[in-house]
Amino acid sequence: MKYKDYYQILGVAKDASPQEIKKAFRKLAAKYHPDKNPGNKAAEEKFKEINEANEVLSDADKRKKYDTLGSNWEYYQQAGDDWEKYAQQGPRSGGGNRTYYYSGSPEDVFGRGGQSGFSSFFDLFFGDGAQGSDPFAHYGERTRTGQAPRGSDVEATMSITLREAYQGSRRTFEFQGEKIRIAIKPGSYEGLKLRLKGKGHPGPRGQARGDLYITLNITPDHQFIREGDDLIVNGKVDLYTAVLGGSIEVSTMTGKVKVNVPKGMQSGKTLRLKGKGMPVYGKSDVFGDMMVRLDVELPRQLSSQEEELFRKLKALHNKEAVFQN
């Protein structure tokens with residue numbers, strides 16, 4: 001079986017950050033999307049390949065396992081594609097100080113089986129594997145010499161509001177008959193993975209439990225848009241304030257504040273409020289900024305007197321323009 005280089009497929013380096021991987025995936029997915037390439041089988045296959053690469057590299061656990069296998073691919077080939085023989089080779093040279101342990105079935109770890117819709121390469125390593133056995137379980141038991149296998153890890157997603165992410169909160173839920181409390185720190189962000197050690201599935205024959213991983217999903221807020229540690233809010237400005245300058249009132253996470261608007265501001269321009277954004281995760285008393293995006297509103301109705309004044313202003317403006325030219 002040919003080795004699939006997911007990094008090459010997405011065109012990123014092996015040490016690429018999650019943000020770089022996400023950016024590369026979005027760019028390629030947009031280019032090869034079937035809707036943009038109707039009837040193009042080559043583009044369709046490329047699109048599937050891009051999705052498969054992203055499925056692995058965008059998931060921290062899958063990526064770690066893939067990197068481990070990649071560095072030991074030649075040993076796997078020498079074993080004749082035989083997982084049992086491969087696992088019995090023991091720790092690989094040069095990797096003695098880096099041990100990865102994986103246990104449990106792929107269904108438990110990844111939530112998908114052999115019918116993944118991806119390539120046979122993906123299904124062998126991340127699906128049902130060699131006739132239903134989990135290659136990672138064997139490999140893990142070998143590399144962690146003297147340690148009994150533990151239960152499989154469990155992954156789940158928890159949705160929280162943007163305000164919970166701002167303030168921090170506590171959640172309680174039940175898993176396998178046990179009440180579990182989880183603390184969500186201020187500044188928590190989309191995709192943040194929280195590890196609860198020893199809260200996963202019990203190990204075989206009463207051995208240690210695996211871990212529980214909670215991935216946070218931040219639900220959209222009706223008022224604020226988050227970009228990193230910054231927040232974006234719309235600030236409505238009437239015509240007269242936009243032309244002459246003045247102040248408007250905008251909402252922040254801690255209440256309303258007044259914002260000075262310089263004269264001559266246009267719709268779409270932004271004003272920055274330092275320190276009014278999200279708390280920076282893991283840093284005490286450090287905040288991002290609030291970006292106020294101005295939305296200039298024209299008057300819907302004018303009195304006859306106001307219309308006359310606008311006509312005079314228009315005439316004056318045209319006269320000044322001619323004079324300047």
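Would you call L294 under 33 Å from the mean Cα position of the chain (by Cα) and touching a residue at least 40 places away in the same chain (Cβ under 8 Å)? The answer is yes for L294.
Scanning segment 30-47 for residues that are exposed (fewer than 15 other Cβ atoms within 10 Å of the Cβ) and not in a loop (DSSP other than H, G, I, E, B) yields A30, K31, K41, A42, E45. Taking segment 298-316 as the range and being closer than 25 Å to K236 by Cβ and either at pLDDT below 85 or basic (K, R) (or both) as the test, the residues that pass are R300, K314. Pairing each residue of segment 51-79 that is outside the structural domain of L194 (by TED's automatic domain parsing) with any residue that is among the hydroxyl-bearing types (S, T, Y) and modelled with pLDDT of 80 or more, provided the two are 6+ apart or on different chains, yields C-beta distances under 6 Å for A53/Y6; V56/Y6; V56/Y66; L57/Y6.
Would you check if there is a residue in segment 163-179 being of a type in the set (K, R) and crowded, with 18+ Cβ neighbours inside 10 Å? Lay out the reasoning, then the answer.
If we filter segment 163-179 for residues that are of a type in the set (K, R), which is where we start, we get 163, 170-171, 179.
Next, from what is left, pick out any that are crowded, with 18+ Cβ neighbours inside 10 Å: none.
No, segment 163-179 has no match at all.
The values are calculated or read from the model by the stated rules, or taken from the named source; none is laboratory data. This structure is a prediction, so every number in the text was calculated from the model and none was measured. For neighbour counting, all protein chains shown are included, and Cβ atoms are generated from backbone atoms with ideal geometry for every residue, glycine included.
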